[in-house]
Amino acid sequence: MSKKYSITILGAGNGGQAMAGHFGKLGYDITLFNRNTDQFTDIITTKKITLSGFIQGDGKVKKVTNNYQDAIDDADIIMVTTVASAHKEVAKNIAPYLKENQIILLNPGRTLGALEFRNEVENYSNKRVYIAEAQSLIYACRAEGKGKVRIIGVKNKVPLAAYPSTDTDYVLNIINQIYNCFIKAKSVLETSLENIGAIFHPSVVMFNAASIERGDMFYFYNDMTPTIADFLMKLDKERLLIGKSFGLDLISVSDWVSFSYSNIQGDTLCDKMKNNPAYFLITAPDKLETRLVTEDLPTGILPFMELAKLAKVEVPLLTAVFNIMESLLKVDFKTNGRTLKNLGIDHLSKEQFINSL
């Protein structure tokens, strides 16, 4: 280990606990924040998180708190692992307490997360901080009890970009001293348009809506069928087309699975999903109101649609998935979602937007 950084993790869900346990095991000073700490009395008492699976052992947790100022006061690095739909609220709450040169990394940013986060921080703070987003969470993981997390898989490479992109090298240099899996992306537009969850999650929920409502148990990825996988590939072509219109040569969802995980067998997306050990134990949600929809629509598919509009690209399948799921859930995801207007960039041309990154 190089410098012993103090790391704060905001959000104690599956990913947050996995990261706290992992980085604590590596020897860093870990503070874990969650709005409700009642369910984390075991971690508070034992000051540890026990990991099993791909990473095994105990990771020390120095502090568990539900106070934002207490959480970030001594932090060199702030890892945000909340749902992306909470990023704006988190930014507003931590902004008054930020200090110069702190690094904030969204894990993941989903689509245009770093832009939304910086906009909100700058509404309440003038501190010079570094804000970046990861293209995906490092881990495939599940909490299995109080202070216990199973690491199902760990990604080999995760693209990262700061906003603005001139800060990326600085952030990458420090973050990779902690865990060396992050690679440089051109800008947050690249990490944003490689939000693979937006392609996978809502559509699989949509096509399995009846099974989910009945309470049928199935494996979200491992029970993939060729027909649904083929639809995901067609949906992905629209994402790739958006990227091309912005001058980006994005990786396909099928290639992404091989890129992110080791030794994945199979030629098709369906085969790769079935053969990926990191996906074996991930079960389907037990209700339609899952973060796989409530997070991935407003912070994934919606900004995809908005970027397509900016680039004058037609995305009929993305639009259809968004409209169907919004109708099924009877929720308006546009009012508070990541639209160009809500992000404050609706006045920019495509070229001006690219140059602003």
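Only the coordinates and a few stated rules stand behind these numbers; no lab work does. The model shown is predicted, which means the values in this text are computed figures rather than measured ones. We place every Cβ from the backbone using ideal geometry, glycine too, and count neighbours over all the protein chains shown.
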Q) When the Karplus curve 6.51 cos²θ - 1.76 cosθ + 1.60 is applied with θ = phi - 60°, which whole-Hz ³J(HN,Hα) does each residue of the range 142-147 get, with x for Gly and Pro? A) 8, 5, 10, x, 6, x
Q: Give me the distance in nm between label points sitting 7 Å out from Cα along the Cα-to-Cβ direction at Lys341 and Leu240, one decimal.
A: 3.4
Q) Looking at the chain, what % of its DSSP beta bridges pair antiparallel, to the nearest 5? A) 35
Q) Which of the peptides 234-246, 137-149 is most tightly packed, and how do the rest follow, judged by the mean count of other Cβ atoms within 10 Å per residue? A) 137-149, 234-246
Q: Which order do the peptides 307-320, 50-63, 13-26 take when ranked by the mean count of other beta-carbon atoms within 10 Å per residue, highest first?
A: 13-26, 50-63, 307-320
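With each run of n ≥ 4 DSSP H residues scored as -39500 (n - 2.57), what mean residue ellipticity at 222 nm is computed for the chain after dividing by its residue count and rounding to the nearest 500 deg cm²/dmol?
Details: 16 runs with 147 residues, N = 357.
Mean residue ellipticity at 222 nm (helix-derived): -11500 deg cm²/dmol.
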Q.
Compute, for the chain, the length of the dipole vector about the Cα centre, with Cβ point charges of +1 (Lys, Arg) and -1 (Asp, Glu) only. Units Debye, rounded to 20.
A. 620
Q. Between Val158 and residues 5 or more places away or on another chain, which pairs have amide H atoms under 5 Å apart, with H built 1.01 Å from N, and which residues are they?
A. Phe182, Ile183
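Could you work out the relative contact order of the chain, using alpha carbon pairs under 8 angstrom and six or more residues apart, expressed as a whole percent? Before the final figure, lay out the partial values.
Details: 704 pairs, mean separation 52.4, N = 357.
Relative contact order of the chain: 15 percent.
For Gln352 and Ser258, what does the FRET efficiency come to when R0 = 51 Å and r is the distance between their Cβ atoms, rounded to the nearest 0.05?
According to the calculation, E is roughly 0.90.
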**Q.** Sum of side-chain charges, Pro285 neighbourhood, beta-carbon under 14 Å (Lys, Arg +1; Asp, Glu -1)
**A.** -3
Q | Nitroxide proxy distance, nm - points 7 Å out along Cα→Cβ at Asp249 and Lys312 | A | 2.5
Q. With the contact rule set at Cα under 8 Å and sequence spacing of 6 or more, what percent relative contact order holds for the range 125-246?
A. 20
(Q) Can you list residues from other chains, or at least 5 along the same chain, whose modelled amide H is less than 5 Å from the amide H of Thr283? (A) Phe220
Q | Residues of type lysines that Lys47 reaches as a straight line, Cα spacing below 21 Å, ignoring anything fewer than 8 places off in the same chain | A | Lys4, Lys25, Lys60, Lys62, Lys63, Lys146, Lys148
Q: Sort the following peptides by mean Cβ neighbour count (other Cβ atoms within 10 Å, averaged over residues), highest first: 295-303, 67-75, 282-290.
A: 295-303, 67-75, 282-290
Q) What are the aspartates and glutamates whose alpha-carbon lies under 19 Å from the alpha-carbon of Lys334, with same-chain residues fewer than 8 places away excluded? A) Glu89, Glu116, Glu120, Glu289, Glu295, Asp296, Glu306, Glu314, Glu326, Asp346
Q. Is the range 6-193 best put as rounded, prolate or oblate by its Cα gyration tensor, with a ≥ b ≥ c the root eigenvalues, rounded for a/c under 1.5, and otherwise prolate when a/b is larger than b/c, oblate when not?
A. oblate
Q. Along the range 271-278, what does the Karplus equation 6.51 cos²θ - 1.76 cosθ + 1.60 (θ = phi - 60°) give for ³J(HN,Hα), rounded to whole Hz, x for Gly and Pro?
A. 4, 5, 5, 6, 9, 8, x, 5
(Q) I need to check one value: relative contact order of the range 197-356, counting alpha carbon pairs closer than 8 Å and at least 6 residues apart, in percent. (A) 30
(Q) Please compute the modelled spin-label separation between Ala320 and Thr227, points set 7 Å along Cα→Cβ, answer in nm with one decimal. (A) 1.4
